[in-house]
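Worksheet for the structure shown next.
Laboratory data are not the source of any read-out in this text; all were calculated from the coordinates shown. Just so it is clear, the model here is predicted, and its values are computed rather than measured. Cβ placement follows ideal geometry from the backbone for every residue including glycine, while neighbour counts extend to all protein chains displayed.
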Amino acid sequence: MEKEIELEILGLSSNHSQSGSFTLVLGEVGGIRRLPIVIGMFEAQAIALEIEKIVPNRPMTHDLFKSFANGFNVEIDRIVITDMKEGVYYAKIMCKSDLAEVEIDARPSDAIAIAIRFGCPIFSSEKVMSEGAVEHFDVESTEPQSSKPSAKPSFSAKKEPSLKDYSLDKLNQLLEKAINNEDYEKAARIRDEINKRN
């Protein structure tokens with residue numbers, strides 16, 4: 001079985017390059033790698049509501065899933081982001097009951113929204129981390145990295161040339177700069193362009 005890396009939610013910010021979407025940043029527990037995932041507005045809302053412990057008037061889809069699972073004594077053991085193909089992530093929800101243990105395919109955004117409702121851990125395969133993660137360098141600060149979501153997304157206001165226009169060497173330089181600036185959304189876009197060429 002492939003090694004699994006435990007992750008924690010570090011932040012959620014609106015994605016300026018794709019209207020109506022958000023970037024969810026997951027961090028390696030006890031490590032420096034960050035996994036930025038672009039998710040939809042509904043899933044971002046579902047995650048944010050649960051993090052803030054806001055109870056909607058009527059149950060949302062993920063709350064319904066939890067009620068259904070609890071009604072049939074099904075536990076969620078953990079969720080695992082298992083694969084990444086052409087920039088698209090795949091996940092599994094690991095469920096167990098008295099009768100069976102089952103893996104359910106899911107989008108990572110839905111799986112994470114469910115994980116925080118059940119208080120279960122979030123993991124990633126090493127393959128996903130090696131392909132999709134960016135390393136976090138905090139050269140100047142000696143303070144430990146806060147686990148609170150970042151309030152300040154660092155987006156460039158000026159129009160940039162397309163990433164397709166850059167050489168691989170230049171893309172690697174831009175990736176390092178984006179990581180140093182903690183601009184994980186930009187780093188994820190650059191990483192995806194590099195992966196397309198490899």
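Inter-label distance, LYS127 to SER167: 3.3 nm, where each label sits 7 Å from its Cα along the C-beta direction. Looking at the square roots a ≥ b ≥ c of the eigenvalues of the Cα gyration tensor of region 46-133, which shape do they give, rounded for a/c under 1.5, prolate if a/b is larger than b/c, or oblate? Oblate is the answer for region 46-133, as a/c is 1.5 or above yet b/c matches or exceeds a/b.
For the pair SER19 and MET41 in one chain, pulling the backbone fully straight at 0.36 nm per residue adds 7.0 nm over the alpha carbon distance. In a DSSP loop and with at most 16 other Cβ atoms within 10 Å, the chymotrypsin sites (Phe, Trp or Tyr not before Pro) in region 46-110 are PHE72. A Förster radius of 30 Å combined with the Cβ-Cβ distance from GLU75 to ASP105 puts the calculated FRET efficiency at roughly 0.95. Here the dipole of the chain is about 620 debye; that uses its Cα centre as origin and unit charges on the Cβ of Lys and Arg (positive) and Asp and Glu (negative).
In this structure, the pairs whose alpha-carbon distance is over 32 Å, taken from LYS92/LYS170; LYS85/LYS170; LYS53/LYS164; LYS96/LYS127; LYS3/LYS96, are LYS92/LYS170; LYS53/LYS164.
Computed about the Cα centre, the dipole magnitude for region 66-135 is approximately 240 debye when only Lys and Arg (+1) and Asp and Glu (-1) carry charge, each at its Cβ.
Can you give the helix-only mean residue ellipticity at 222 nm for the chain, where every DSSP H stretch with n ≥ 4 adds -39500 (n - 2.57) and the sum goes over all residues, rounded to the nearest 500 deg cm²/dmol?
-10500 deg cm²/dmol
Full extension of the segment from LYS177 to ARG197, taken as 0.36 nm per residue of separation minus the current Cα-Cα distance, would add 5.2 nm.
With contacts taken as Cα pairs under 8 Å and at least 6 residues apart, the chain reaches a relative contact order of 23 percent.
Placing pseudo-labels 7 Å out from each Cα toward the beta carbon at ASN57 and GLU2 gives an inter-label distance of 4.4 nm.
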